[in-house]
Amino acid sequence: MDLVKNQHYVPRFYLRHFCGSDDRLFAFDKPTGKKWNTTVESVANENYFYDHYELDKSSGKPQLLEHFFHPLEGDISTILNELTASLEDGTFTQLSAEHRAKLSIFLVYQFLRTKEKREELRQFIGEFARMIADIHLQQKGLSDSSYDIESDEALFQARFLLDRKNVEQLANILHRHIWIIIKNLTTRPFYTSDNPFVKKANIPHPVRSMNGIASPGIEIAFPIHPSYCLLLGERSFFAPLAAHDGFVMETHDEENITHYNSLQVIHSYRQVYCSKDDFVLVQDMIARSPELATADRIRVVAERGTAKPHKASFVSRILSQAKRWFSS
């Protein structure tokens, strides 16, 4: 068997939806500030990213994870092609139950499989291990000292991805949310990134981040095309939008697009992608919050950082209007 060297943590079939007629897209690298025109083969990837010697040896399957995604990706590629084609030619009516179920599974895997998620796991494991070590040192009456924590975040990530029961539970959470397709009628395209599944907490809490996929008020954005973005809203908070579940909502307001693009800038590992050479927003955000350009920035407490999404979201604005409608 020929080994796959160039392994993508954002599928190429997905990124092709953000390419121009020449089958290329534009990329912006946050740490270096460089931008360039490129192909989907050259971004959101790393050599042998999913390979793990112990995992492959125990399973008896070389490159187990790399090949694990292939059947699902083929199915979702067809669904996204059909969905965007129907949205473009005006034949789309409502998101079907079958597509919603399959997209829920795909979104969970995309949420769990990226370089950004692996870095989050590395930092979380390290912080947790340090906390346990500090408690142990205190119990023995020893003073704290500097020490290194070794972790196998790649194996932890693989276990999350291969835990079918856990994936199905997470997919069921997403499936229960209100789903809306935002149609972008502005001249500014939706960004995507090397971590395209992004979340926004809408309910403040003094301790909790309220940023989990099941948290009250959570809003999830996943762009599928320069003109379309899937928005998932937690059902109790977004109840006024229930009548729009599965349908398209249009926006002519560039501030709405700026808001969702800013989420891609904040949550990307290091690269943002666009169908056009339009990265002024990325540059402005990095100028205001330089930590965004640091690949090893702190993620574990990222929700308390200085970088914030732009303006009120499209859904939040619609919610405000809907509440006025219902109260009048």
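The values are calculated or read from the model by the stated rules, or taken from the named source; none is laboratory data. Everything numeric in this text was worked out from a predicted model, so none of it was measured. Cβ coordinates were reconstructed from backbone atoms using ideal geometry, including for glycine residues, and neighbour counts include every protein chain displayed.
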Quiz prompt | Of all residues making up the stretch 241-298, the number that are free of Cβ contacts under 8 Å to residues at least 40 places away in the same chain and either crowded, with 21+ Cβ neighbours inside 10 Å or under 30 Å from SER96 (Cβ atoms) (or both) | solution = 2
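Looking at LYS61, LYS57, can you tell me which residue is surrounded by fewer than 16 Cβ atoms within 10 Å (Cβ to Cβ), among the basic types (Lys, Arg), assigned to a helix (DSSP H, G or I) and out of contact with any Leu (no Cβ under 7 Å at 6 or more places or on another chain)? Working first, answer last.
On the way: LYS61 fails: assigned to a helix (DSSP H, G or I).
Every option except LYS57 fails the conditions.
Being within 21 Å of PHE18 (Cα to Cα), touching a residue at least 40 places away in the same chain (Cβ under 8 Å) and not in a strand (DSSP E or B) is true for just one of GLU82, GLU41, GLU73. Which residue is that?
Values: GLU82 fails: touching a residue at least 40 places away in the same chain (Cβ under 8 Å); GLU41 fails: touching a residue at least 40 places away in the same chain (Cβ under 8 Å).
Unique residue meeting the criteria: GLU73.
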Self-check item: Search result, residues across the stretch 89-119 that are of a type outside the set (A, V, I, L, M), free of Cβ contacts under 8 Å to residues at least 40 places away in the same chain and not in a loop (DSSP other than H, G, I, E, B)
Solution: ASP89, GLU98, HIS99, LYS102, PHE106, ARG118
Self-check item: Unmet requirement for ALA101, which otherwise passes all of (1) closer than 28 Å to SER21 by Cα; (2) at pLDDT 95 or above
Solution: (1)
Practice problem: Look through ARG208, ARG188, ARG235 and report the one residue that is surrounded by fewer than 20 Cβ atoms within 10 Å (Cβ to Cβ), more than 16 Å from the chain's Cα centre (by Cα) and under 23 Å from GLU116 (Cα atoms). | Solution: ARG208
Exercise. Test each condition in (1) buried (at least 16 other Cβ atoms within 10 Å of the Cβ); (2) closer than 26 Å to ILE286 by Cα for ARG12 and report the one that comes out false.
Key: (2)
